[in-house]
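Following: one structure in structure tokens, then a few remarks.
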Amino acid sequence: MKYGIEVIDNLRMDFPGENNVGEIWTFNDVVVDFVNYKATVKGEDAKVGVVPIRILKVLLQYEGQAMSRSQIIDRAWGKDAVLCDRAIDVHISALKRKLNLYLAIKTIRGVGYKLEA
């Protein structure tokens, strides 16, 4: 367990307003495989962990909507997950840096994050 997060691979939760996200997502030079938890940039392995990829999937499911850290945790791991909200910040930072998503993932001050892909 890293950063207090236990990955539950088969967790599927439905929430109102959720968009369907396919198995593969492409954005500019980025390709993310949500089944195998792999991400590439310009064909090279981006070395992104499972947790940031799960967070990215949640942001895609709610694209264009501001989400709090606790909403992201609830949707990625369930309401019973025990996780420090600030761990989300670390993983969002990794997504921005490793997948060059600085312009796509917006920080909403006092709320959380929003994806505008």
Please go through the stretch 29-48 and pick out each residue that is in contact (Cβ under 8 Å) with a residue 24 or more places away in the chain, crowded, with 17+ Cβ neighbours inside 10 Å and not β-branched (Val, Ile, Thr).
Ala39, Ala46
Any residue that is among the hydroxyl-bearing types (Ser, Thr, Tyr) and either part of a loop (DSSP other than H, G, I, E, B) or touching a residue at least 12 places away in the same chain (Cβ under 8 Å) (or both) - is there at least one of those in the stretch 58-67?
yes
Check off (1) modelled with pLDDT under 90; (2) in contact with a Pro (Cβ under 6 Å, 6 or more places away or on another chain) for Ala94 and give me the number that stays unchecked.
(1)
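Conditions (1) among the charged types (D, E, K, R); (2) assigned to a helix (DSSP H, G or I); (3) closer than 17 Å to Glu63 by Cβ, marked per residue:
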position	(1), (2), (3)
Val90	no, yes, no
Leu95	no, yes, yes
Lys98	yes, yes, no
Leu101	no, no, yes
Lys106	yes, no, yes
Ala117	no, no, yes
What do you reckon, is Val90 under 18 Å from Val21 (Cβ atoms), in contact (Cβ under 8 Å) with a residue 24 or more places away in the chain and surrounded by fewer than 17 Cβ atoms within 10 Å (Cβ to Cβ)?
no
Taking Arg109 as meeting all but one of (1) without any contact (Cβ under 8 Å) to a residue 24 or more places away in the chain; (2) surrounded by 19 or more Cβ atoms within 10 Å (Cβ to Cβ); (3) of a type in the set (Lys, Arg), write down the number of the exception.
(2)
Scan the stretch 72-87 for residues that are over 22 Å from Val35 (Cα atoms) and either of a type in the set (A, V, I, L, M) or in contact (Cβ under 8 Å) with a residue 40 or more places away in the chain (or both) and jot them down.
Val82, Leu83, Cys84, Ala87
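Could you tell me whether the stretch 66-73 includes any residue that is under 14 Å from the mean Cα position of the chain (by Cα), modelled with pLDDT of 90 or more and closer than 17 Å to Asn100 by Cβ? Let's see the steps before the verdict.
Applying the first criterion (under 14 Å from the mean Cα position of the chain (by Cα)) to the stretch 66-73 yields 66-73.
Pick out the ones that are also modelled with pLDDT of 90 or more and you get 66-69, 71-72.
Subsequent filtering for residues that are closer than 17 Å to Asn100 by Cβ retains none.
No, every residue in the stretch 66-73 fails to be under 14 Å from the mean Cα position of the chain (by Cα), modelled with pLDDT of 90 or more and closer than 17 Å to Asn100 by Cβ.
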Report yes if Lys79 is outside any strand (DSSP E or B) and surrounded by fewer than 13 Cβ atoms within 10 Å (Cβ to Cβ), otherwise no.
yes
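The values are calculated or read from the model by the stated rules, or taken from the named source; none is laboratory data. Computed from a predicted model, the values in this text were never measured in an experiment. FYI the Cβ positions are ideal-geometry reconstructions off the backbone, even for glycines, and counts take in every protein chain you see.
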